[in-house]
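J.: Attaching a single structure in structure tokens format; questions to follow.
The values are calculated or read from the model by the stated rules, or taken from the named source; none is laboratory data. Values in this document were obtained by computation on a predicted structure and should not be read as measured data. Because the Cβ atoms are built from the backbone with ideal geometry, glycine has one as well, and the counts that use them run over all protein chains shown. Please note that ligands, DNA and RNA were not included when accessible areas were found on the heavy atoms of the full protein model with its side chains. Shrake-Rupley method; radii C 1.70, N 1.55, O 1.52, S 1.80 Å.
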Amino acid sequence: MAISAQTNTTLQSIAQALSSRDGFVICGHVNPDGDCVGSQLALANALRALGKTATCVFAQDIPHESTLTCLPGFDGIIPSAEYTGSVDTFIAVDVSDAKRMGDAAKLFESASLRIIIDHHEVDTRISELNYVEPDAASTSMIVWQLIGYLEVERDPDIAACAYVGLMTDTGRFQFQNTDARAFSAAAEMVKSGADPASLSTSIYQNRTRASVSLEHIMLGNIIYDDEKEFVVSWVSRDDMESVGAKRSDAESLIDTLRSIRGIRVACMLRGEDGCVRGSLRAKDATDVARIARMYGGGGHVAASGFTIHDTMDAARNSVLATLEKELS
Ligand code: 5GP
Ligand code: MN
């Protein structure tokens with residue numbers, strides 16, 4: 001890829017740096033998703049196969065009850081606050097903004113070499129080696145390519161981790177970022193031993209009953225805007241508690257909203273302690289990252305997120321007004 005504002009190196013150069021160094025800490029973003037954890041574990045598994053020491057850290061908390069526990073190596077990931085060693089090489093995947101690294105930002109600062117591999121559009125470079133490709137469907141796809149430049153076999157474990165990143169970030173190969181390159185990479189991963197049926201069962205056919213109960217509540221809260229063709233719904237912190245739901249139980253709810261006929265933009269709000277987390281998805285060319293940035297968040301054109309430090313009522317009213325104003 002050409003050198004750009006975000007990218008100052010090549011994957012071959014990153015592969016060379018990885019081959020000549022050791023003592024890796026690999027981090028993703030806060031609220032880790034399949035692409036972030038899949039990219040971390042694919043890379044860690046490859047580096048360990050080269051005989052190197054690689055520790056994966058969560059930016060902040062351990063995601064409890066996550067379906068991502070199916071990924072080889074998940075149990076070995078530690079919260080970054082528990083990492084006490086020194087950091088030779090810090091690799092951030094699926095994140096290129098220190099603010100989204102949570103507690104791991106301190107480790108990032110202390111490393112002798114910092115590497116960023118990401119597919120989120122950014123306008124700054126914060127590491128010595130920065131590789132950001134916004135056109136890549138997932139970060140795990142870039143990591144998969146990078147591992148191809150290392151002297152290591154891309155085994156079934158590595159393939160499974162990379163595949164889950166690609167499957168989840170493309171919404172099971174359905175979203176606008178799903179292109180021929182994503183399918184080619186997926187085919188390579190499957191050839192190397194990723195099992196699509198069992199991985200999709202682990203990730204998508206594995207909902208907790210609390211998640212289903214939460215969806216029941218969410219469906220009762222839907223607000224449609226027929227003129228601007230958007231939909232907003234929410235679940236409060238009390239709703240989550242009433243059905244014993246964890247954060248991960250709410251993740252699939254946005255998919256139900258975006259599946260509705262005639263909807264262009266879907267927004268799901270989830271109450272947390274003292275704040276509200278928002279997820280936005282676009283089914284057409286609407287840039288929902290721009291809307292998320294209005295609230296200090298960000299993400300991709302078609303999938304973004306944000307946090308509002310206010311009550312659910314205030315957050316909902318604000319988001320309804322913003323979407324009404326900003327959508328054409
Ligand atoms: P989700 O709705 O699944 O939490 O996030 C969708 C996408 O937006 C992901 O790519 C995620 O990394 C990004 N994203 C979510 N929340 C934020 C945020 O607060 N800031 C930034 N920069 N990106 C976010
Ligand atoms: Mn991603």
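J.: Among the residues of segment 40-55, which ones are more than 16 Å from ligand 2 (Cβ to nearest atom) and either open to solvent by 50 Å² or more (accessible area, probe 1.4 Å) or in contact with a strand residue (DSSP E or B) (Cβ under 6 Å, 6 or more places away or on another chain) (or both)?
T.: Passing the criteria: Ala44, Leu47, Arg48, Ala49, Leu50, Gly51, Thr53, Ala54, Thr55.
J.: Let me ask another. Would you mind finding the one in Asp35, Asp94 that is under 22 Å from Ser110 (Cα atoms), acidic (Asp, Glu) and in contact with a Gly (Cβ under 7 Å, 6 or more places away or on another chain)?
T.: Numbers: Asp35 fails: under 22 Å from Ser110 (Cα atoms).
The conditions single out Asp94.
J.: For segment 128-175, name all the residues that are open to solvent by less than 10 Å² (accessible area, probe 1.4 Å), over 24 Å from Phe108 (Cα atoms) and of a type in the set (S, T, N, Q).
T.: Hit for segment 128-175 is Thr170, nothing else.
J.: For a quick check of your reading: which strands (runs of 3 or more DSSP E) sit entirely within segment 82-152 and have at least 1 residues that are over 17 Å from Asp35 (Cα atoms) and polar (S, T, N, Q)?
T.: Answer list for segment 82-152: 89-93, 129-132.
J.: Shifting gears a bit: Read through the list (1) among the small types (Gly, Ala, Ser); (2) farther than 25 Å from Arg247 by Cβ; (3) in a helix (DSSP H, G or I); (4) open to solvent by less than 50 Å² (accessible area, probe 1.4 Å), then give the number of the only condition that Ser4 fails.
T.: (3)
J.: Continuing with the same structure: Which of the helices (runs of 4 or more DSSP H) found entirely inside segment 228-328 contain at least 1 residues meeting this: within 11 Å of ligand 1 (Cβ to nearest atom)?
T.: 253-258, 288-293
Table: residues versus (1) in contact (Cβ under 8 Å) with a residue 24 or more places away in the chain; (2) within 16 Å of ligand 2 (Cβ to nearest atom); (3) crowded, with 19+ Cβ neighbours inside 10 Å; (4) part of a helix (DSSP H, G or I).
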| position | (1), (2), (3), (4) |
| --- | --- |
| Leu18 | yes, no, yes, yes |
| Asp22 | yes, no, no, no |
| Val30 | yes, yes, no, no |
| Gly38 | yes, yes, yes, yes |
| His64 | yes, no, no, no |
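J.: Somewhere in segment 85-98, is a residue at pLDDT below 95 and farther than 28 Å from Ala303 by Cα?
T.: yes
J.: Determine, yes or no, whether Thr178 is over 25 Å from Gly51 (Cβ atoms), more than 16 Å from ligand 2 (Cβ to nearest atom) and surrounded by fewer than 22 Cβ atoms within 10 Å (Cβ to Cβ).
T.: Here the answer is no, as Thr178 does not meet what is asked.
J.: Within segment 201-210, can one find any residue that is touching a Gly at 6+ places or on another chain (Cβ under 8 Å), part of a strand (DSSP E or B) and either at pLDDT 95 or above or under 28 Å from Ile158 (Cα atoms) (or both)?
T.: No, every residue in segment 201-210 fails to be touching a Gly at 6+ places or on another chain (Cβ under 8 Å), part of a strand (DSSP E or B) and either at pLDDT 95 or above or under 28 Å from Ile158 (Cα atoms) (or both).
J.: Kindly establish whether Ala292 is more than 17 Å from the chain's Cα centre (by Cα), open to solvent by less than 30 Å² (accessible area, probe 1.4 Å) and in contact (Cβ under 8 Å) with a residue 12 or more places away in the chain.
T.: no
J.: Working only within segment 254-274, note down all residues that are free of Cβ contacts under 8 Å to residues at least 40 places away in the same chain and more than 16 Å from ligand 2 (Cβ to nearest atom).
T.: Leu257, Arg258, Ser259, Ile260, Arg261, Gly262, Ile263, Ala266, Arg270, Glu272, Asp273, Gly274
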